[in-house]
Structure formats: C-alpha cells, structure tokens
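> Quick one: the structure is below, questions incoming.
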Amino acid sequence: GRGRSSMVRVVSLRAGVLLVAVVASMLIGAKLVSPLDLWREGSVGQGILETRMPRTVIGLMVGAALALSGACLQGLTRNPLADPGLLGLNSGATFAMVLAVSVFGIGSLNAYLWFGFAGAAVAAVLVHTVASFGTGGATPAKLVLAGAAVAAGVTSWTTAVLLTDKATFDVIRLWQVGTIGGRGWDIVLTGLPFLAVGALLTLGGARTLDTLALGDDLARGLGRRTGIDRAVIGLGVVLLTGTATALCGPIGFVGLIVPHMVRVMVGSAYTRVLPLSAGFGAALTLLADVVGRVIWPPSEIQVGVMTAVVGVPVFVFFLRRGRMAGL
C-alpha cells in the first residue's frame, strides 16, 4: 500500500543521507582527502583518514543516541519539547563530570562515564520530583518548566566550579562545547557497550511507548505496568544521554529536532520513529561536524555549536508550521 511504499522511501532516504554523511566526514576537512589514500602506505592522506575514522564512528554513535533519547523523552513525557538538553539531563551529566575532575581528580574516561550516568539520572529524578509538586502531578508543561529550571541552576553551579578551578576549566574547556574530534578507538570501545544497552532498552520499548501514548489509564487497562515501563525506558535514556555527554560533551538540539522531522515523514508510531530517528540523528551530527570543519578554516567550529546553529532555524520552522502542537 501507500504507507508501505512511503516507508520504503524514507528508509532509503535515511540510508542515502547516512552514506553521504559518512563519506563527507571521512574525506572533507581542513584538508580534502582522496578515498584511494587509504590504500597508499605511508601517505599523509592515509594518516588523516585513519584519524577521521574513530571521529566518524563516534559521531554516528552519539548522534543516534541523542536522537533516540529525545524521541523516547517526548513519548514518556507526552511533550513535544522534551529532549535531553531541555529536561536537564545534559546539564546534570556535565556537572557530575566537572565534579569528578575538580573534587575527585579523575582523569580516565571509564570513571567519567559513571559520573555522567549518575548526573543524568539524578537530574531526571530531580526534574520529575519538582514537576510533581502542586495539583495535577508531573504534567508535560510542568516537566519542561522544571527541566529548564533545573538545567539553569545546575549550569550555574558548573560555571561556578569552573571559574574557581582553573585546572578543571583547562581539562573541561573544549569538551564543554561538545566535540567529537580528537577521539581515538579506545573512546569508541569504552562507550559502545553502554550505548548498545541503552539502544536495546529504548528500541525494545517502542511498542510500549505507543501504548503509553494512549494515556496511562488505557495502557494499564491493556495490561501494561506503566511505572516499570517508564523506569526501563528511562534507564535506557539515562545510559544513552550519560554516555553521549561523557564521550563528547553536551550536544543540543539533535534530540529535539530529529524525532519531529521523522514524524512529519512517517507518522507518530514509535516502532517507526525510534529506528529512523537514530539514523537521521547520526547523519545530522556528522554533517554538522563536517560543516564546522570547513566553515572557518583552518580552525574548526565544534559540533555542539553547529547543531545549535542548524537546530534553531529548524526548530522555529516547525513551530511556525504548527508541527509541534502535539505528538
């Protein structure tokens, strides 16, 4: 039918955009490289390609993780404005990692990751607790307001620590704007297991999110244990967000915009939205990184800045079109 053929078209588009993003990430930068250089032993081009490989893989992993997180958060909160940045998860992970460096003197990524998870998880619980005060409980609107308040507060604490601790500021400075450059295969291998578990939990919860979208009463009537369902998917989101932030710093807007772009193309069923969001999120992050490399040579503009530059006009466009009125 028409629905099936349009889905095939969107899946093909995702594959095409991903391929373009990967090729561009490998070949384009301060120096253009030929793909043939990979087989030219000892050439400068081969060295450049080998350093760009882990950067490309990290971009794919982090972009997919952030888009998946955003789509799940929009489903869990039934709020089209939810994403890891707006709900304070990125800020929580960042603050925890700044504390790890400043207070505990931690320098290894393996230890960072646990602080990233803890910070994201504490921020998630704090936002939900604050939003639960008052009548009506944690409504979608109150969740975003609570998230914005927690994010603002935690960001100010992070700034206070960095301003009073120059050594920590020097360690965190580049990481804090969101960057996928200068990373090696060791970083990929450290983050991969955590991202894989987070992806399994969130993708496995696609049908659950479709049921929760009907409302908690109806979901319970269909046999769902909504509290456990939310906790499992929430754990997946914390794993994805905490790992992505630990690997690359806070990167905004990917989790907010990509799910909406996907819904415009394939509708609101999470069995379609989640896997497609992961693909388009990976492509958007890579393409933003490529643009950041070439826009101001020989310097680079970090991917966290570029996703915001790309994200704000797209966000405004969707608001004007009324695409964010509901899910």
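> So what does log10 I(q)/I(0) come out to for the stretch 229-268 at q = 0.35 Å⁻¹, using the Debye formula with one equal point on every Cα and no solvent?
Taking Cα atoms of the stretch 229-268 as identical point scatterers yields -0.98.
> Give me the distance between the Cα centres of the stretch 104-155 and the stretch 52-67, rounded to whole Å.
Computed from Cα coordinates, the inter-centre distance equals 24 Å.
> Under the rule a/c < 1.5 gives rounded, and otherwise a/b versus b/c splits prolate from oblate, where does the stretch 14-134 land using the Cα gyration tensor?
It is oblate, given that a/c is not under 1.5 and a/b is not larger than b/c.
> Counting Lys and Arg as +1 and Asp and Glu as -1, what is the net charge of the other residues whose Cβ lies under 12 Å from the Cβ of ALA206?
0
> Only Lys, Arg, Asp and Glu count, each charged at its Cβ (+1, +1, -1, -1), so figure out the dipole size of the chain about its Cα centre, rounded to 20 debye.
1020 debye
> Could you sort 166-174, 271-279, 38-46, 199-207 so that the peptide with the highest average Cβ count within 10 Å comes first and the rest follow in order?
Numbers: 166-174: 14.4, 271-279: 23.1, 38-46: 12.0, 199-207: 18.4.
The densest-packed peptide leads the list: 271-279, 199-207, 166-174, 38-46.
> Enumerate the residues in the stretch 37-57 having an amide nitrogen under 13 Å from the point lying 7 Å beyond the Cα of ALA30 toward its Cβ.
48
> Counting only heavy atoms of the protein chains, get the accessible area per residue of the stretch 118-185 (1.4 Å probe) and round it to a whole Å² value.
53 Å²
> Give me the accessible area per residue for the stretch 20-72, probe 1.4 Å, as a whole number in Å².
Per-residue accessible area for the stretch 20-72 comes out at 42 Å².
> If you roll a 1.4 Å probe over the chain with all protein chains in place, what percent of the accessible area is carbon or sulfur?
Looking at the chain in its full context, I get 69 percent from C and S.
> Remind me, relative contact order of the chain in percent, using alpha carbon pairs under 8 angstrom and six or more residues apart?
RCO, the chain: 30 percent.
> While we're here: Cβ neighbours within 10 Å, averaged per peptide: list 61-69, 280-288 in order, most packed at the top.
61-69, 280-288
The values are calculated or read from the model by the stated rules, or taken from the named source; none is laboratory data. This is a predicted model, so every value here is computed, not measured. Note: ideal-geometry Cβ built from the backbone for every residue, glycine included; neighbour counts use all protein chains shown. Note: accessible area is taken over every heavy atom of the protein model, side chains too, but ligands, DNA and RNA are not part of it. Shrake-Rupley method; radii C 1.70, N 1.55, O 1.52, S 1.80 Å.
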